[in-house]
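Notes to accompany the following structure.
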Amino acid sequence: MNRNLHDGLNFARKLTPKRVANALRVLSSYYVSKRTGRASHRGLPMSIAFEPTTSCNLRCPECPSGLRSFTRPTGMLVEELYKRTIDELHDTLLYLIFYFQGEPYLHPQFLDLVRYATDRNIYTATSTNAHYLTDANARKTVESGLDRLIISIDGTTQETYQQYRVGGKLEKVLEGTKNILRWKKELKSRTPHVVFQFLVVQPNQHQIDEVKQLARDLGVDEVGLKTAQIYDYEHGSDLIPTLDQYSRYAEQPDGTYRIKNGFGDHCWKMWHSCVITWDGLVVPCCFDKDAHHRLGDLQTDSFADLWRGPAYQNFRQTLLRSRSEIEMCRNCTEGTQVWA
């Protein structure tokens with residue numbers, strides 16, 4: 001069976017009548033809000049992202065974790081807060097992402113958290129730099145029931161890889177990948193679906209075909225080519241690809257850059273998903289890396305109360321009125337993944 005088809009069928013098996021009904025409520029309220037210009041919401045999120053930790057072993061140049069530039073504190077997700085939230089949402093929650101900032105495998109109970117969601121038939125995914133996929137962690141990853149494992153590779157030689165993954169070792173990435181694939185075979189498991197994610201930047205754009213071949217040689221299930229978000233893009237950057245299809249930004253006649261894709265005054269993410277930081281803050285999406293837009297705190301509120309509360313509704317209404325009023329939305333584009 002085609003590997004992507006198998007992953008799709010695995011996802012479909014997570015569907016239940018309650019989850020489908022909730023998705024329809026969310027979808028219908030989103031389209032009503034777009035049409036009327038008035039924020040209304042029904043249902044609970046179909047997808048959430050939990051941040052296991054803000055800690056990271058690498059120093060990638062466009063990442064707050066790598067740059068150690070957060071104004072918010074660094075820490076580890078508390079198991080009790082996580083379980084309480086999953087217990088509240090699991091009947092309607094379909095997709096659970098275990099990453100935001102930081103390296104998830106630095107959380108000592110990370111794979112136990114995955115197992116807790118797996119036992120509730122939620123589709124689970126994480127993204128890793130693969131430096132901690134030891135033989136033991138690889139086996140436990142497969143045994144945890146994790147559905148999707150995204151491995152950031154960003155280069156097929158050490159020289160190219162380290163230009164973005166500063167402090168990283170490509171050999172560790174390849175070793176970790178092989179450990180996962182070996183334990184999948186050993187345990188006769190179809191999961192996790194292993195994805196090589198290649199963040200296309202100017203230093204590595206010449207290796208796109210090579211990473212596809214490397215994935216085939218190793219037996220990786222999929223390659224995802226991802227465009228890079230550049231924070232200070234207006235005056236250009238050495239990271240912006242010269243291959244237009246892999247760049248979010250277009251050069252203008254005066255030598256400055258603009259975001260290529262226009263966007264309307266709406267955002268699907270504000271209706272179907274959210275991000276929860278390691279200390280329980282609920283923020284709109286993964287673009288709010290420093291948690292400036294704090295829409296609630298799970299240490300003091302239930303998820304349902306804050307999801308339907310005035311802060312969230314006001315944020316949704318602002319998007320419908322003028323998305324450009326929200327600074328982080330000005331550097332946001334839809335369709336940032338180019339699947340190979």
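Selection of helices (runs of 4 or more DSSP H) fully inside segment 63-179 by the criterion of at least 3 residues being under 19 Å from the mean Cα position of the chain (by Cα) and without any contact (Cβ under 8 Å) to a residue 60 or more places away in the chain returns 110-118. Of the residues making up segment 109-128, those that are farther than 16 Å from F11 by Cα and open to solvent by less than 10 Å² (accessible area, probe 1.4 Å) are F110, L113, T128.
Within segment 16-23, the presence of at least one residue that is of a type in the set (K, R), surrounded by 18 or more Cβ atoms within 10 Å (Cβ to Cβ), touching a residue at least 40 places away in the same chain (Cβ under 8 Å) and not in a loop (DSSP other than H, G, I, E, B) is confirmed. The set of residues in segment 166-218 that are more than 15 Å from G155 (Cβ to Cβ) and either among the basic types (K, R) or at pLDDT below 95 (or both) comprises K178, R182, K184, K185, K188, R190, R216. Against the list (1) over 18 Å from T191 (Cα atoms); (2) open to solvent by 50 Å² or more (accessible area, probe 1.4 Å), the condition L93 fails is (2).
Taking into account only those residues within segment 24-67 that are closer than 13 Å to L94 by Cβ and in contact with a His (Cβ under 7 Å, 6 or more places away or on another chain), which is surrounded by the fewest Cβ atoms within 10 Å (Cβ to Cβ)? Top of the filtered list is S47.
Here the helices (runs of 4 or more DSSP H) wholly within segment 231-335 that include at least 1 residues being without any contact (Cβ under 8 Å) to a residue 24 or more places away in the chain and acidic (D, E) are 303-307.
Residues in segment 34-46 that are of a type in the set (S, T, Y) and touching a helix residue (DSSP H, G or I) at 6+ places or on another chain (Cβ under 6 Å): S40 alone. R38 satisfies every condition listed in (1) more than 30 Å from G167 (Cβ to Cβ); (2) at pLDDT 95 or above except (2).
On the stretch given as segment 211-230, residues that are in a helix (DSSP H, G or I) and either open to solvent by less than 70 Å² (accessible area, probe 1.4 Å) or β-branched (V, I, T) (or both) total 5. No other residue among G145, G102 is crowded, with 23+ Cβ neighbours inside 10 Å and on the phi > 0 side of the Ramachandran plot apart from G102.
The values are calculated or read from the model by the stated rules, or taken from the named source; none is laboratory data. Everything numeric here is computed off the predicted structure, so don't read it as measured data. Note that each Cβ is placed from the backbone with ideal geometry, even for glycine, and that neighbours are counted across all protein chains shown. The accessibility values were calculated without ligands, DNA or RNA, using every heavy atom of the protein model including side chains. Shrake-Rupley method; radii C 1.70, N 1.55, O 1.52, S 1.80 Å.
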